[in-house]
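Following this message is one structure expressed as structure tokens.
Only the coordinates and a few stated rules stand behind these numbers; no lab work does. Remember, it's a predicted structure, so these values are computed and weren't measured experimentally. Note that each Cβ is placed from the backbone with ideal geometry, even for glycine, and that neighbours are counted across all protein chains shown.
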Amino acid sequence: MMGVPFEESLERRGFSLGHFPSSILCSTVGGWLAARSAGQCSGRYGKIEDMVLELECVTGTGEVLVAKTRSTGPSLVPLLVGSEGTLAVLTRASFRLHEAAKLRTFAAYEFGSTDAGWEGMRRLFQAGLRPAVSRLYDPFDAMLARQGSVKREASAKTAQTATSPVPGLGASLLRTLVGQPTLMNAIIDGLGTRLMGPAQLVLIFEGERARADAETARNLLEASSLGAGRGSYVGEGPVQKWLRHRYAVSYRQAPVFMADLFSDTIEVASTWDALPGLYHGVRKALGRHVFVMAHLSHAYPDGCCIYFSFAGRPEIGSGGSDPEAIYRVYDAAWQAALTAAIDAGGTIAHHHGVGRSKAPLLEREQGASREAFTALKRVFDPAGILNPGNLVGDAGVQRTGHPYPHAAAESTREGSTR
Ligand SMILES: Cc1cc2nc3c(=O)[nH]c(=O)nc-3n(C[C@H](O)[C@H](O)[C@H](O)COP(=O)(O)OP(=O)(O)OC[C@H]3O[C@@H](n4cnc5c(N)ncnc54)[C@H](O)[C@@H]3O)c2cc1C
């Protein structure tokens, strides 16, 4: 079942699942479970694995199996969630529901640096606050959001044509930026907040305690103990803007590809102590190949997800629009980013899944647990007919996809979620 009709059917009865991935217009409930999805309100409601109570599925042998969350003994539910179609086809699910939120409060804050912003986020979550939405944009991403919102609102009154690959940036400027990524990333880093403006945190609290929690959050973020990193409250405006465009931002890739560029996103995560190494490590690794910006969303008391958006093309003067040259840059960027994520003690995916393209790196991240999963795969799917090559790569099953890293660049993208 598609995401929007599912949530609408709950809303008509006064309930909500609390799950709103940016892909809600084009993704399914089964896909959310299969790929361990995270919605925009994960701060309050958790990821999909925190919501599911019971699953029905059909294994590779044709057996229909019902798995329930349990209070004793092992449960199959956590194994099936995130199995990306390699163990069974998920056919039915029961979820924990919430009364649809009647009260919401919005607040946005600006910070002198991204690092200062995530220190504020960490404090909120470790103080026991659970904002439904908490998203921190680095200075460049925040600048685009500010400009893009203005432009989108102006252009919405006239026409709905997408003329620029990235909101607020002309195509030629973007081509220049991505054609010299090392230089451009260094310039952007050097300019910092002076030219681009501050990093920006948007917060939404929901439920009975929304106002009180927003007040506590404000006290925490403006506290002098945050020192030079303390946040400045800038009102509700940026949150209202974000809310209006919350599902629009991800669908702006077509003009990028039409301009012989590519763009993509990678979402990694770690505990708070490893987060600075993860952020700077992945940014640096990506930055040698592509133009990169980031925001942080999906925070927890113990850590956070970082979402890098990047755009690239072969270096100016080397390859132009030759697809092979483009693939090489794309693959090199992905390899570098995933390796840097593992080296920093992070995970290679937070909610977009592993698929085929990240499977070889999952082994390095997870080590021995791959063997246990391969054994499980043989029980659920002895003939290896369910999504061969996903998650565990070639382990014991026939592989039909293209080898990494080229698979990611092929147009199919089957099994590799975004
Ligand atoms: C524009 C855009 C924005 C996105 N934003 C988010 C976001 O905010 N949060 C997020 O979590 N993800 C996001 N994604 C990624 C993707 O939408 C999610 O991972 C989603 O959970 C996958 O659902 P889907 O229906 O698209 O699954 P698909 O991509 O169709 O499938 C994903 C994998 O699961 C398997 N699968 C699908 N259905 C079943 C089933 N019923 N039983 C067993 N296996 C199955 C498929 O074979 C495949 O291996 C985004 C993607 C796009 C394109």
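If a/c stays under 1.5 just call it rounded; otherwise compare a/b with b/c (prolate if a/b is bigger, oblate if not). Do that for the stretch 22-91, with a ≥ b ≥ c from the square roots of the Cα gyration tensor eigenvalues.
Verdict is oblate for the stretch 22-91.
In nm, what is the difference between 0.36 nm times the number of residues separating R96 and A248 and their Cα-Cα distance?
52.0 nm
Here's something else I'd like to know. Report the charge-dipole magnitude of the chain in Debye, nearest 20, computed about the Cα centre from +1 at each Lys and Arg Cβ and -1 at each Asp and Glu Cβ.
Using Cβ point charges on Lys, Arg, Asp and Glu, the chain gives about 740 debye.
Work out from phi, with θ = phi - 60° and the Karplus expression 6.51 cos²θ - 1.76 cosθ + 1.60, the ³J(HN,Hα) of each residue of the stretch 270-281, listed in order in whole Hz, and give x for Gly and Pro.
Each residue's phi maps through the Karplus curve to give 7, 5, 4, 5, 8, 4, x, x, 5, 4, 6, x Hz.
Please state the relative contact order of the stretch 1-86 as a whole percent: Cα pairs under 8 Å, 6+ residues apart?
24
Choose one answer from W242, W32, W334: the residue with the largest mean-square fluctuation in a GNM of the chain with alpha-carbon springs under 10 Å.
With Cα springs under 10 Å in the chain, the top fluctuation among W242, W32, W334 is at W242.
Enumerate the amide H contacts of A93 below 5 Å, restricted to partners 5 or more residues apart or on another chain; note that Pro and chain-start residues carry no placed amide H.
Placed amide hydrogens put E56 under 5 Å from A93.
What's the whole-number percent of alpha carbon pairs in the chain lying beyond 26 angstrom?
Cα-Cα pairs in the chain separated by more than 26 Å: 57 percent.
Would you list which aspartates and glutamates come within 12 Å of K284, measuring only between C-alpha atoms, while excluding same-chain residues fewer than 8 positions from it?
D189
Using the structure shown, select from K241/K358; K47/K241; K47/K377; K102/K358 the pairs with a Cα to Cα distance greater than 31 angstrom.
Table pairs above 31 Å Cα-Cα are K241/K358; K102/K358.
By average Cβ neighbour count within 10 Å, what is the ranking of 103-111, 351-359, 66-74 from highest down?
My ranking of the peptides, most packed first, is 351-359, 103-111, 66-74.
Follow-up. Connecting C-alpha atoms closer than 10 Å in a GNM of the chain, tell me which of F291, F125, F15 has the biggest fluctuation.
Sorting by GNM fluctuation, first place goes to F15.
Another question, if that's okay. Taking θ = phi - 60°, what integer Hz values does the Karplus form 6.51 cos²θ - 1.76 cosθ + 1.60 yield along the stretch 81-89, in sequence order, with x for Gly and Pro?
Per-residue couplings from phi come out as 5, x, 7, 6, x, 8, 9, 6, 9 Hz.
Would you please give the residues with an amide H less than 5 Å from that of A88, counting only those at least 5 places away or on a separate chain, with H modeled from the backbone geometry?
none
Comparing E208, E49, E84, which has the greatest mean-square fluctuation in the GNM of the chain with Cα pairs linked when under 10 Å apart?
Of E208, E49, E84, the most mobile in the Gaussian network model is E208.
Add -39500 (n - 2.57) for each DSSP H run of 4 or more in the chain, then divide by its residues: what number comes out at 222 nm, to the nearest 500 deg cm²/dmol?
The per-residue figure over the chain is -11500 deg cm²/dmol.
For Cα pairs less than 8 Å apart in space and 6+ apart in sequence, what is the mean separation divided by the residue count of the chain, i.e. the relative contact order in percent?
Contact order relative to length: 18 percent.
Under 5 Å between amide H atoms, partner at least 5 residues away or on a different chain: which partners does A199 have, H built in plane at 1.01 Å?
F111, S113
I'd like the Karplus ³J(HN,Hα) series for the stretch 364-369: coefficients 6.51, -1.76, 1.60, θ = phi - 60°, whole numbers in Hz, and an x wherever there's a Gly or Pro.
With the stated coefficients, the stretch 364-369 comes to 5, 6, 9, x, 5, 5 Hz.
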